[in-house]
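The values are calculated or read from the model by the stated rules, or taken from the named source; none is laboratory data. Everything numeric here is computed off the predicted structure, so don't read it as measured data. Cβ: placed from backbone, ideal geometry, glycine included. Neighbour counts: every protein chain shown. Side chains are part of the model used for accessible areas, which takes the heavy atoms of the whole protein and leaves out ligands, DNA and RNA. Shrake-Rupley method; radii C 1.70, N 1.55, O 1.52, S 1.80 Å.
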Amino acid sequence: MRERIECDVAIVGGGIVGGSAALFLRQAGLSVTLLERDWCGAKASGVNFGGVRRQGRPLEQLPLSQRAHAIWGRLPELLGTDAEYIRSGHLKLARSEPDLASLIDYRERSQGFGLGLEIVTGEEFRRRWPALGDRAIGGSLCPEDGHANPRLVSPAFARAAAGLGAVVREQTPVDRVEKEGDRFVLLSGDDLEVRARFLLNTAGAWSWRVAEAFGEPVPLESLHPNMAVTEPLPRFLDVNIGVEGGGVYGRQVPRGNMVVGGGRGFALDADRARPQRDAVLTLMRDAAELFPQLRHAHVIRCWTGVEGYTPDRNPIVGPSRTTPGLFHAFGFSGAGFQIGPGVGQTLAELVATGETAMPLEPFRIDRFQPTA
Amino acid sequence: MSGVLPPVIVGAGPAGIRAAERLVAAGLRPVVVDEAARWGGQIYRQPPEGGFTRPKTALYGFEAGKADAVHRAMAAIRDRVDYRPRTLVWNCEAGALDLLCDGGSETLPFSHLILATGATDRVLPFPGWTLPGVFTLGGSQVALKFQGCAVGRRVAFLGTGPLLYLVAYQYLKAGVEVAGVFDTTSFAAQARATPGMLRDPVTLAKGLLFVGWLRTHGVPIHNGVRPVRAEGAERVDALVLRDARGRERRTPCDAVAFGLGLRSETQLADLAGCRFRFDEADRAWLPERDGAGRSSVPGVYLAGDGSGIAGADAAELAGERAALALLEDRRLLVDGARVRELDGRLTRIAAFRRVLNAAFPFPEDWADSLADDTMICRCEGVTAGALREVARSGQAREMNRAKALTRAGMGRCQGRMCSATTAELLSRTLGTGPDGVGRLRAQPPIKPLPIATIIPSPQGGEGTDDGREVA
Ligand SMILES: Cc1cc2nc3c(=O)[nH]c(=O)nc-3n(C[C@H](O)[C@H](O)[C@H](O)COP(=O)(O)OP(=O)(O)OC[C@H]3O[C@@H](n4cnc5c(N)ncnc54)[C@H](O)[C@@H]3O)c2cc1C
Ligand SMILES: Cc1cc2nc3c(=O)[nH]c(=O)nc-3n(C[C@H](O)[C@H](O)[C@H](O)COP(=O)(O)OP(=O)(O)OC[C@H]3O[C@@H](n4cnc5c(N)ncnc54)[C@H](O)[C@@H]3O)c2cc1C
């Protein structure tokens, strides 16, 4: 017999976005059902690099990013765990004068968003980060950015939501969605039917399917950032490191393991990906060049994940243009971990109050040319 | 394109060597890759070159003849094989293996691949197992075989399986005091299995001989025991057990050798894309293979203990059988009579294997002996209590989730050592049975990859990602 659930809001996908939306919706007193095909936080949200970083984001993301920043500061209160979140600072390195100029330019442009960026160069740079030695001529520090353990944070949002009474169903794929009158109807196999007034599409790299079901095709591409981690090493680094112009990034966790990222893996199928050999080797070389401390270390594990990328590398966040009551949030293009809880809170606000002060215009779902 | 490349064999143990021999006989020149410095695999492991002069009879006992035959087989084809010792296969991806050799990484494309990766000890801890002086059974045997030294002066043997008695016997023969043999299997279970053992009188005779020899030399043998703890301050000085009647028994010793059978090295098969199934007899997820050794991936063959524990004799036969399957699939002529003979012998060994498994059943309640503060994953310092907690709270109902939440299996060994215990603990806590908690997904590298080795060999990979996009 098919089980039926009636609720205010149905959510497809229990990543950090869907999980946090569920939590804030419950705080607002709405009834919520979250359906997750795998385990909550098992996809991009649970396997990412763990960078909790505002610095370097496109300016249009900064209001949401700041909103998320406030939530990250309240993790223990919201989730009952700090999930190894540390405001270590995020230091973006400049390896050349033009890169430094570009960091200075970003600081100017992002004035007023409250990032508190600090440009450090020359002697002072070497004094403060002796371990980074000669690789860089300077950098831009965002003191309150940091990192966290994604494996712990992301499931914790859904768990906290369940603790407040959200119905969270794992191992429950949404196979069909449609709208009947003013109700969304979600079907999972023959077993479960969920009816709701509102629907949140937070299905990560697979969100295009839900969007398409409501006549909103989007050019979403799945990509797979390559990650690697070394055995534990003596502590030499306490900031989360990025590099202007890209290539490689790294952070050292308190146990001493160095987590590095760069390059891309490949897809095994639509749901799974694997690190790619040349990318792994290149990453190891680039990382050892940036952090000479790694030269004699071993890499113990490589991994990747499945993430949705949009053509302009900004996410799709906000109301559907075809279907009242439907809200999308996906396509974070490799940077949705930090901003995720801010997006979840904004979705909850949109549902609960019908409006938000967040500028979502740049994230409209219909900003791309229709795909043929 | 396919068919042009030479076949590749991973593993130069009995399975890999017999596979290579058969391919060479068919006129092919296989590549044989092995991490070890010399061929022979686990059981017929050769001591390091130079300095070690003990004869094979001393090293391999009853198996000396077989060891010698396998060693000679490889020596005889040596110049017709592209043999690559000291070479670790660290990854498999899209029709190519990644090799680590002499400090460099190299990619070896293949069209046909035989995986003969063998097995290692199944390590299931008990309180005190991290004390210096506690060794695995296989490790203790390797010490004897490879380095010519014993793990202690007075050694207690704990666990189950034929290897338990064999290694105790080998230690006694080597002049080491054996403090006792403590078998988790009840006497009744062994007695029930004895008639079946008559199917392989040679093995049965050997087993009886080991037991008889141990007894006549005054070694206590106890059945139906459960571990309580290994005791000691700096180093183990006693093994405490609960005997079949529930009494605690303390045996002074300066070393413990323990083992609950073996576990197959399956990571490469996993990375190669092979389908897995749960095997009741091995109590493990194993890559599927048909009777000839074909995996679920065309062109990938499985032989020997790496795809199911069956012992060295079976490994030799299975290696040759997989090579014949490969030849058949390449449309080369094979000797049908030989195929039938191998199939028949492999079937008989498989039947006997079931008898052995019944004689030495896995102690299903082993996980219950673990106190909450017992270390399960040594790399990451994860305790039994931490795993029980994520299972009981409903947060983890399968292996990969438990790994994500507790870090069990995230360290240097990538779960090769601790995943059997993690599975036992989770399934025991959840009441699902070991197949109910799934298996850890393999990730490259299979073993830790030294970064230094990669640096001097720039690979043409592009400096792909834009750092502004990710992280
Ligand atoms: C420690 C130990 C002791 C044992 N003692 C006995 C005994 O006394 N009597 C008995 O009957 N059986 C014993 N066994 C079981 C016996 O080893 C096997 O039945 C037999 O060796 C199986 O042969 P094989 O060819 O399948 O694998 P193995 O002999 O294990 O050979 C596998 C080879 O593959 C190589 N390899 C694996 N992975 C990789 C990789 N990624 N890259 C490169 N090379 C790789 C290994 O280095 C190894 O040389 C023992 C097993 C172990 C682990
Ligand atoms: C390897 C990697 C490294 C990254 N590093 C960083 C970083 O350092 N910092 C940063 O800010 N961002 C990073 N990101 C990006 C970040 O992880 C993602 O943007 C973010 O996690 C997206 O969250 P989400 O909730 O939208 O998606 P997901 O976490 O993918 O969640 C979507 C969920 O929806 C479920 N789902 C899909 N379809 C269905 C269906 N039909 N029915 C039910 N459930 C369904 C999926 O199973 C999944 O659990 C990285 C991403 C990857 C892959």
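Residue A:354 passes every criterion in (1) without any contact (Cβ under 8 Å) to a residue 12 or more places away in the chain; (2) closer than 22 Å to residue A:145 by Cα apart from (2). Against the conditions (1) without any contact (Cβ under 8 Å) to a residue 60 or more places away in the chain; (2) open to solvent by 40 Å² or more (accessible area, probe 1.4 Å); (3) within 30 Å of residue A:325 (Cβ to Cβ), residue A:234 satisfies every one except (3).
In this entry, residue B:331 passes the filter for residues that are open to solvent by 30 Å² or more (accessible area, probe 1.4 Å), assigned to a loop (DSSP other than H, G, I, E, B) and basic (Lys, Arg).
Every listed requirement among (1) within 16 Å of ligand 1 (Cβ to nearest atom); (2) without any contact (Cβ under 8 Å) to a residue 60 or more places away in the chain is met by residue A:300 save one, (2).
All of (1) surrounded by fewer than 15 Cβ atoms within 10 Å (Cβ to Cβ); (2) touching a Cys at 6+ places or on another chain (Cβ under 8 Å) hold for residue B:239 with one exception: (1). Can you name the number of the only condition in (1) in contact (Cβ under 8 Å) with a residue 40 or more places away in the chain; (2) within 30 Å of residue A:25 (Cα to Cα) that residue A:90 fails? Of (1) in contact (Cβ under 8 Å) with a residue 40 or more places away in the chain; (2) within 30 Å of residue A:25 (Cα to Cα), only one is false for residue A:90: (2).
Each residue in the range A:295-314 was checked for being surrounded by 23 or more Cβ atoms within 10 Å (Cβ to Cβ) and out of contact with any Pro (no Cβ under 9 Å at 6 or more places or on another chain), and 0 pass.
Taken as a whole, the structure leaves residue B:423 outside the set of residues that are assigned by the TED database to the domain that holds residue B:385 and within 30 Å of residue B:101 (Cβ to Cβ).
The criterion of at least 1 residues that are open to solvent by 30 Å² or more (accessible area, probe 1.4 Å) and under 21 Å from residue B:364 (Cβ atoms) is met, among strands (runs of 3 or more DSSP E) falling completely within the range B:110-171, by B:134-136. Close contacts from the range A:275-287, counting a first residue that is more than 7 Å from every other protein chain (Cβ to nearest Cβ) and a second that is part of a helix (DSSP H, G or I), with Cβ to Cβ under 8 Å and a gap of 6+ residues or different chains, come to A:287/A:294; A:287/B:451.
Within the range A:206-213, can one find any residue that is more than 16 Å from ligand 1 (Cβ to nearest atom), open to solvent by 10 Å² or more (accessible area, probe 1.4 Å) and assigned to a loop (DSSP other than H, G, I, E, B)? No: zero hits.
Residue-wise test of (1) within 22 Å of residue B:326 (Cβ to Cβ); (2) open to solvent by 40 Å² or more (accessible area, probe 1.4 Å); (3) away from ligand 2 (no atom under 16 Å from the Cβ).
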residue	(1), (2), (3)
B:46	no, no, yes
B:50	no, yes, yes
B:60	no, no, yes
B:77	yes, no, yes
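For the range A:87-98, give me each residue that is farther than 13 Å from residue A:241 by Cβ and surrounded by 20 or more Cβ atoms within 10 Å (Cβ to Cβ). Once the filter is applied, which keeps residues that are farther than 13 Å from residue A:241 by Cβ and surrounded by 20 or more Cβ atoms within 10 Å (Cβ to Cβ), the range A:87-98 yields nothing. Taking first residues from the range A:1-25 that are in contact (Cβ under 8 Å) with a residue 24 or more places away in the chain and more than 14 Å from chain B (Cβ to nearest Cβ) and partners that are open to solvent by 10 Å² or more (accessible area, probe 1.4 Å) and within 16 Å of ligand 1 (Cβ to nearest atom), no Cβ contact under 9 Å between residues at least 6 apart in sequence or on separate chains turns up.
Among the residues in the range A:251-261, are any assigned to a loop (DSSP other than H, G, I, E, B), of a type in the set (Gly, Ala, Ser) and open to solvent by less than 20 Å² (accessible area, probe 1.4 Å)? Checked against the condition, which is being assigned to a loop (DSSP other than H, G, I, E, B), of a type in the set (Gly, Ala, Ser) and open to solvent by less than 20 Å² (accessible area, probe 1.4 Å), the range A:251-261 yields at least one hit.
The condition (being small (Gly, Ala, Ser), within 14 Å of another protein chain (Cβ to nearest Cβ) and open to solvent by less than 20 Å² (accessible area, probe 1.4 Å)) is satisfied by just one residue among B:19, B:12, B:96, B:64: B:96.
Considering only the range A:250-273, state which residues are on the phi > 0 side of the Ramachandran plot and either more than 9 Å from chain B (Cβ to nearest Cβ) or among the acidic types (Asp, Glu) (or both). Scanning the range A:250-273 gives a single hit, A:256. Report yes if some residue within the range B:338-350 is more than 30 Å from residue B:193 (Cα to Cα), surrounded by 14 or more Cβ atoms within 10 Å (Cβ to Cβ) and at pLDDT 95 or above; otherwise report no. Looking through the range B:338-350, at least one residue is more than 30 Å from residue B:193 (Cα to Cα), surrounded by 14 or more Cβ atoms within 10 Å (Cβ to Cβ) and at pLDDT 95 or above. One residue stands out in the range B:271-291 among those that are of a type in the set (A, V, I, L, M) and buried (at least 21 other Cβ atoms within 10 Å of the Cβ): the one that is nearest to the other protein chains (Cβ to nearest Cβ), namely B:271. Residues in the range A:146-195 that are within 11 Å of chain B (Cβ to nearest Cβ) and assigned to a loop (DSSP other than H, G, I, E, B) were compared, and the one that is most open to solvent (accessible area, probe 1.4 Å) is A:171. Residues that are more than 12 Å from ligand 2 (Cβ to nearest atom) and open to solvent by 10 Å² or more (accessible area, probe 1.4 Å) were ranked within the range A:31-68; the one that is farthest from the other protein chains (Cβ to nearest Cβ) is A:31. Under the condition of being within 16 Å of ligand 2 (Cβ to nearest atom) and either more than 14 Å from chain B (Cβ to nearest Cβ) or more than 25 Å from residue A:151 (Cβ to Cβ) (or both), the residues counted in the range A:337-349 number 8.
Scanning the range B:408-428 for residues that are open to solvent by less than 10 Å² (accessible area, probe 1.4 Å) and within 14 Å of the chain's Cα centre (by Cα) yields B:415, B:418.
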